[in-house]
1. Given (1) farther than 17 Å from Ile260 by Cα; (2) surrounded by fewer than 16 Cβ atoms within 10 Å (Cβ to Cβ), where does Lys53 come up short, assuming only one miss?
2. Can you name the residue in the stretch 97-115 that is in a helix (DSSP H, G or I) and surrounded by fewer than 22 Cβ atoms within 10 Å (Cβ to Cβ) and is also nearest to the ligand (Cβ to nearest atom) among such residues?
3. Which members of the stretch 132-181 meet the condition of being assigned to a loop (DSSP other than H, G, I, E, B), surrounded by fewer than 17 Cβ atoms within 10 Å (Cβ to Cβ) and in contact (Cβ under 8 Å) with a residue 40 or more places away in the chain?
4. From Leu48, Leu4, Leu60, which residue is surrounded by 11 or more Cβ atoms within 10 Å (Cβ to Cβ) and either in contact (Cβ under 8 Å) with a residue 40 or more places away in the chain or away from the ligand (no atom under 16 Å from the Cβ) (or both)?
5. Going by the conditions given, is His120 at pLDDT 95 or above and either away from the ligand (no atom under 14 Å from the Cβ) or crowded, with 21+ Cβ neighbours inside 10 Å (or both)?
6. Got at least one residue in the stretch 262-271 being within 24 Å of the chain's Cα centre (by Cα), more than 15 Å from the ligand (Cβ to nearest atom) and of a type in the set (A, V, I, L, M)?
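The values are calculated or read from the model by the stated rules, or taken from the named source; none is laboratory data. Quick caveat: nothing in here was measured; it's all calculated off a predicted structure. Cβ: placed from backbone, ideal geometry, glycine included. Neighbour counts: every protein chain shown.
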Amino acid sequence: GVGLADVPVLPLDEAFALTAEFKADGCAQKVSLGAGVYRDEQGDPWVLPSVKKVRQQISLHQTPNLDHEYLPIQGSEPFLKLARDLILGESLSPKGNLTSIQTISGTGANHVGAQFLARHLHPKHVFISDPTWSNHHLIWTIAAPNVTRKTYPYYNAADRSLDFEGWVATLEREAVENDVVVLHACAHNPTGLDPTHAQWKFLAELFRRKKLFAFFDSAYQGFATGDLDLDAWAVRHFQEVLFGLEECPDHEEGPSGLCIAQSFAKNFGLYGERVGAFHLSLPPSTPTSGAYSQLLQLTRAEISNPPLFGARIVTTVLSNLELRSQWEQDLLEMASRVRNVRGLLRKEIEHRLGSGSWSHLESQTGMFSYTGLSEAQVLRLKNMHHVYLMRNGRASLSGVNESNVKYIAEAVSEVVS
Ligand code: PMP
């Protein structure tokens, strides 16, 4: 028809719809294991102590002349350098042939990356893990409609393991030169399963041989293990093997590049400030100037310039030794608390059920657990027990604490019995 009368109504985004339902639930014992946000032992949002200190420093009282001018289109240069060094490491980062822009958190980085690659790399396919953060599919559908989306198997439901063989076989069989493969840098969402170092090494060789473009989504650096370097290991290994080693001379052609979508939402607790970066790493002989100018244009058309406040906080923390070490402690505190409640919840569930292993609660890494609960069980948890998690059985473990762990274990035991 004419006009907008026939615009189809889409279903609500599951994660945000679940949060709204949770908020509307009047039950005092309700538990949210839905949204991927950190909660402290009291179940409250946590402003990191390092971030609090910076907020005091940049208060009106301390810095009355602080202005609110536009950032350049590419964002804050000091922020971008610190962000790049954080993910690639201070020794590897300066050696790379890199170009970076500031983005609207990790989502914006995924989006601008998809747009840029669709227009300039022209991949035939983009490969996305099955399962994945559902926004990967949406972003590639909207930002890169001419690129065919494919999935690679990631998860063996039978033994709750990583389906590495299926993953490799799919890329060997179906991927062609310049295809993009979206990789979770660490703390895979939603399964909490990451490849081992040996498996990453194997993948890097496969990417080199088949000339595949690695698109690293790094939303949890420091959150998986509490160690920033360990959580960046895969990204750094790819960078080193593909574009950093002397044994891989320019004339021995490898992939066209790799890229990193970097989010500071989780590791700084700056969810709503939308701080992120997109880094493009090219072979040593490829000029970055064309790509950079295109990234600037895409950014200009979309947001003109990225937001200032969150980038100011991250820059201040990362460039000050004392604040940085406080931040590393903050990260460790978040990662350790989640690791601790994983163990508690496992113990409480196994104790109640008396049989069957819930060891996957402990062996998975990051904020999430892929519980293995069925959709019907998830529904029953919500309707009968006011415990909220995603339909696919993904639970955000930051919602667990010492005061509600027994209640959750009781509820889970009831629905699986
Ligand atoms: N990638 C993955 C895998 C994520 O889990 C998230 C956060 N849910 C993001 C990217 C980006 O989030 P944000 O836009 O808040 O940085």
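1. The single condition Lys53 does not satisfy is (2).
2. Thr107
3. If the condition is that a residue be assigned to a loop (DSSP other than H, G, I, E, B), surrounded by fewer than 17 Cβ atoms within 10 Å (Cβ to Cβ) and in contact (Cβ under 8 Å) with a residue 40 or more places away in the chain, then Ser134, Ala157, Val176 are the ones that fit.
4. Leu48
5. Against the criterion (at pLDDT 95 or above and either away from the ligand (no atom under 14 Å from the Cβ) or crowded, with 21+ Cβ neighbours inside 10 Å (or both)), His120 qualifies.
6. No: the stretch 262-271 contains no residue that is within 24 Å of the chain's Cα centre (by Cα), more than 15 Å from the ligand (Cβ to nearest atom) and of a type in the set (A, V, I, L, M).
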